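A short write-up of the structure that comes next.
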Amino acid sequence: MRVAIIGAGVIGLSTALCIHEQYHGLVPSLEMEVYADRYSPHTTSDGAAGLWQPYLSDHGNLQETVWNKETFDYLLGHLGSAAAKEMGLFLISGYNLFTQPVPDPSWKNIVLGFRNLTPKELELFPGYSYGWFNTALMLECRTYLPWLTNRLTQRGVKFFHKKVESFQEVFAQGADVVINCTGIRAGELQPDPELQPGRGQIIKVLAPWVKHFIITHDIKSGIYNSPYVIPGSEFTVLGGIYQHGNWSEENSAQDHKTIWENCCRLLPALQRAKILQEWSGLRPARPCVRLERQTLRHGNSQAEVIHNYGHGGFGITIHWGCAMAAARLFGSILQEKKLSSPPQPRL
Amino acid sequence: MAAPKVAVVGAGVIGLSTALCIAETCPSCSVTVLSDQFSPNTTSDVAAGMLIPHIYPGTPIHVQKQWFKETFTYLFAISNSAEASEAGIHLVSGWQVFKNSPKEELPFWSDIVLGFRVMSKAELQKFPQHQFGHAFTTLKCNCPSYLLWLAKRLKATGVQIYTRKVTDLWELHSEYNVVVNCTGIGACQLVGDEKIFPVRGQVLKVHAPWVTNFIRDGDGLTYIYPGMHNVTLGGTREKGNWSLAPDPGTTEDIFDRCCSLEPSLRGAQDIKVKVGLRPSRQHVRLQKEVLSRGGIKLPVVHNYGHGAGGFSVHRGTAKEAARLVGECIAALQGSSSRAKL
């Protein structure tokens, strides 16, 4: 049973690990390969600050809320272990700020210590009259992706640096199941007009006195189009850009100005922060995550694809729940091929 | 009296902040700071600089609360300004956890820090050995940065700072009109105060930038305080121990205790060990005294003995000391104008 994963961002690598962990024992013949033209630190995941936080509203995608919770609980369970630091995983507290009262989010009971901000806390943020405080998790992909890669390598999973041009190409090489974790470029393998870039730009700065994340919200301008400050283990990320339909991965001077001015207004101390780097990336935005099986014809037989892409700006937040769901789909494929039943006794 | 001359002895957080308050409230004063030790060699440099008050048994609670409130308000404004990084002041959130529920419901400072509340069950799961906890947000000073910033502010207001070992406050009587004694643990020898004693604290300063929340055991002995450039792991409270030499056995013990609160600290790098002697007293000595020899008088304002709570109340006690200095100067001016008659 040969499984090919296309894509080595947080979705590809975690799905690979989840499937291998769950099925390698049941399917000793399981061979797994990862194909990607970009590996850490050049994936979209690497550009994310790494904060676990879903969007404010689930737009009726209750399934996604469950996957978010599964991811949080999974990560929280790893916090006390020695692996946490090697995974790039740690707790972080912080603020969500609004210009008017808003309903509590679907994830209020998933994070730790969720509460409203007190008037004195709001004094810190002129222009914002309402907000939340909670403790959540950071998962830094520049550390997490290599950790996943190590776990996979230890399990004998092979990695290939190559741009896959079609599913057929991978089937032709002998793959029985393809897991499609190609993020924003999924449309190159199979057209998907619902998948659009949500372009983001960030400035990485040195501001070691910032110990909280601060996410502001402007209901009018939409998610991530309002300044945010997210401190990490080595630098702090300043952001606040979300441009739907913009495919440019070039840094924009105008966006730099927007981010810098807005973040410095939010946190005056940032004026003294040293700028390290600028980065742009394309969030793989979709009305809902595409997580489903698809049976394709390959010559005279059928081949299976499991799609797992379109996680927008919440890939890290939802990744493990999706990996487990993809693993369940893989399990159903095995059932159909009757490969997960115990081996027949030798006669 | 033209330009009253005030000497502040001591250049830790108390000395420098007191000198600044005097310069602010008495612009006509000529203020000089004298000390044999400066940052990074003061007791203040070892401190984590967390704004969590220490309780002085001998001071009324409402006074301690006032000092803490003034200090918190002052630093809160700095943390919210462009100066925050230079002054080394920032907010930090975290938890104080108890193995047994504390006697009093709420500490006196719970309404001064931000967002104070009881920890949820889910939060307590992170601390299996602890039954109860408080969550809140407070301020932290990066002490060496703060002292440097205070010194810079002092020089900008014309305050002179000199290296000098003062062995007797009286030696200053001919050069200064008022002396302010901010010598911390040094007051033991300098003014022969038998009521002050060291409470030795050993701490580790480690590189663990993934630790963003503070964790403190309610017993006060084990704490993890993330700062700008390192995380302070503590600690010890050894009453009467004058040794400034780091103890390796203690280092291991502190590290183990902190790792049991926060296991990820096992990966901490670049561990440095520091020792400070908290200048401890039943109550802060914040009072006037007039030294008198052969008809010559030297007014002294004492401001020392802040123990484990120096950073938490420094601005409040500095303001009170400056007020007392003002009283001394007024008295001197009163008596000098009487002398003219």
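Structural remarks
- Rounded to 10°, Cα long-axis angle of helix B:143-156 versus longest principal axis of chain B: 30 degrees
- FRET E, pair B:A122, A:K162, Förster distance 41 Å, beta-carbon r, rounded to 0.05: 0.40
- Binning the alpha carbon pair distances of segment B:154-245 at 5 angstrom intervals from zero yields the distribution 3, 10, 14, 14, 13, 13, 14, 12, 6, 2, 0, expressed in whole percent.
- Between segment B:1-74 and segment A:131-169, the alpha-carbon center distance in angstrom: 52 Å
- For B:I89, the residues 5 or more places off, or on other chains, whose built amide H falls under 5 Å of its own are B:N142.
- Within 10 Å of each Cβ in B:77-86, the average number of Cβ atoms from other chains: 5
- If you take all other residues with their beta carbon under 10 Å from the beta carbon of B:N230, and give Lys and Arg +1 and Asp and Glu -1, the sum is +1.
- Crossing angle, helix A:141-154 versus chain A [Cα axis fit, 0-90 degrees, rounded to tens]: 20 degrees
- Local electrostatic count, A:H311, Cβ distance below 15 Å [Lys/Arg +1, Asp/Glu -1]: -3
- Rounded to the nearest 0.05, the FRET efficiency derived from the C-beta distance between A:S81 and B:I61 at R0 = 35 Å is 0.25.
- Only the Cβ atoms of Lys and Arg (+1) and of Asp and Glu (-1) were treated as charged; on that basis the dipole of chain A about its Cα centre amounts to roughly 420 debye.
- What you get for segment B:142-248, charging only the Cβ of Lys and Arg (+1) and of Asp and Glu (-1), is a dipole of about 400 debye around the Cα centre.
- In chain B, the sites counted are GluC sites (Glu not before Pro) in DSSP loop states with at most 10 other Cβ atoms within 10 Å, and the longest stretch holding none of them, exclusive of the sites, is B:195-341.
- Computed label-point distance, nm, for sites A:K274 and B:Q282 using a 7 Å Cα→Cβ extension: 5.1 nm
- Summed buried accessible area for B+A [probe radius 1.4 Å, Å², rounded to 100]: 2800 Å²
- For B:L298, the shell of other residues with beta-carbons less than 13 Å away shows a net charge of 0, using +1 for Lys and Arg and -1 for Asp and Glu.
- Convex hull of the protein assembly as shown built on C-alpha atoms - directionally averaged projected area, nm²: 36.3 nm²
- Each label point was placed 7 Å from the Cα along the Cα-to-Cβ direction; for A:S301 and B:E175 their separation is 9.4 nm.
- Taking every DSSP helix (H) stretch of at least 4 residues in chain A, weighting each as -39,500 (n - 2.57) and dividing the sum by the residue count yields a mean residue ellipticity at 222 nm of -9000 deg cm²/dmol.
- Residues of segment B:189-216 that bury at least 20 Å² of accessible area when the other protein chains are present, relative to the chain alone (probe 1.4 Å, heavy atoms, ligands and nucleic acids excluded): B:P209, B:W210, B:T212, B:N213.
- Pairwise Cα inverse-distance average, inverted: Kirkwood Rh of chain A (Å): 21.1 Å
- Label separation (B:Q129 vs A:W247): 5.8 nm, computed from points 7 Å beyond Cα along the C-beta direction.
- Per residue, segment B:5-335 exposes 40 Å² of solvent-accessible protein surface, assessed with a 1.4 angstrom probe and all protein chains in place.
- Efficiency of FRET between A:E31 and B:S110 - r from beta-carbon atoms, R0 56 angstrom, step 0.05: 0.40
- Crossing angle, helix A:10-23 versus chain A [Cα axis fit, 0-90 degrees, rounded to tens]: 40 degrees
- Longest site-free stretch - chain A; sites: trypsin sites (Lys or Arg not before Pro), DSSP loop, at most 15 other Cβ within 10 Å: A:221-337
- Listed residues A:C322, A:Y55, A:Q243: farthest to the positive end of the dipole of chain A (Cβ charges): A:C322
- Per-residue ³J(HN,Hα) for segment B:32-48, Karplus 6.51 cos²θ - 1.76 cosθ + 1.60, θ = phi - 60°, Hz, x for Gly and Pro: 10, 9, 10, 7, 8, 10, 10, 3, x, 10, 9, 4, 4, 5, 7, 4, 6
The values are calculated or read from the model by the stated rules, or taken from the named source; none is laboratory data. Just so it is clear, the model here is predicted, and its values are computed rather than measured. Cβ sites come from the backbone with ideal geometry, for glycine too, and all protein chains shown count toward neighbours. For the accessible areas, the whole protein counts, side chains as well, though only heavy atoms, and no ligand, DNA or RNA atoms are used. Shrake-Rupley method; radii C 1.70, N 1.55, O 1.52, S 1.80 Å.
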